[in-house]
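The values are calculated or read from the model by the stated rules, or taken from the named source; none is laboratory data. What you are looking at is a predicted structure, and each value in this text was computed from that prediction instead of being measured. No Cβ is skipped: glycine too gets one built from the backbone with ideal geometry, and neighbour counts run over all protein chains shown.
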Amino acid sequence: MDLLFIADPLDTFKVSKDSTLAMMRVAQAAGHRLWFCQSRHVLWRSNAVVADCQPLVIKPSSTAWYELGAIQDRALNSFSAVLMRTDPPFDIEYLNTTWMLSAAVRQ
């Protein structure tokens with residue numbers, strides 16, 4: 001399965017206790033392919049909700065703990081699941097992203 005995580009910048013994660021990172025580790029260990037983007041990378045383009053996202057590999061190190069691949073333009077409905085894991089504030093960017101996620105479900 002391809003899983004897209006819409007989250008805060010990876011370099012802001014608290015590696016020792018971040019629940020999003022824990023979810024990513026478990027998903028990767030189960031054989032799922034991880035993808036990453038931030039809310040601002042979710043867009044409406046050519047009548048589809050897409051994300052400028054990157055493949056993500058979680059590494060066992062606590063310092064250089066992730067590796068991102070090249071940016072790719074993918075429709076959100078091409079993912080098996082999209083997980084929005086952003087910290088507050090829940091502002092207009094958050095609201096816009098949730099609207100686009102709702103639209104992607106209908107595509």
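Of all residues in segment 84-97, at least one satisfies being under 12 Å from the mean Cα position of the chain (by Cα) and basic (Lys, Arg). In segment 1-41, which residue that is part of a strand (DSSP E or B) and without any contact (Cβ under 8 Å) to a residue 60 or more places away in the chain is surrounded by the fewest Cβ atoms within 10 Å (Cβ to Cβ)? Going through the qualifying residues, I end up with Arg33. When each of Ser46, Ser39, Ser16 is tested for being among the hydroxyl-bearing types (Ser, Thr, Tyr) and under 19 Å from Ser61 (Cα atoms), the lone residue that passes is Ser16. Considering only residues in segment 13-34 that are under 19 Å from Ile71 (Cβ atoms) and not basic (Lys, Arg), the one that is farthest from the chain's Cα centre (by Cα) turns out to be Met24.
Looking across segment 49-76, the residues that are farther than 24 Å from Lys17 by Cβ and either in contact with a His (Cβ under 8 Å, 6 or more places away or on another chain) or at pLDDT below 95 (or both) come down to Ala51, Asp52, Cys53. Of the residues making up segment 66-107, those that are closer than 22 Å to Arg25 by Cα, hydrophobic (A, V, I, L, M, F, W, C) and surrounded by fewer than 17 Cβ atoms within 10 Å (Cβ to Cβ) number 6. Is one or more of the residues making up segment 83-93 among the polar types (S, T, N, Q) and over 26 Å from Arg106 (Cα atoms)? Looking through segment 83-93, none of the residues is among the polar types (S, T, N, Q) and over 26 Å from Arg106 (Cα atoms). Any residue in segment 42-57 that is over 29 Å from Gln107 (Cβ atoms) and buried (at least 16 other Cβ atoms within 10 Å of the Cβ)? Taking every residue of segment 42-57 in turn, none turns out to be over 29 Å from Gln107 (Cβ atoms) and buried (at least 16 other Cβ atoms within 10 Å of the Cβ).
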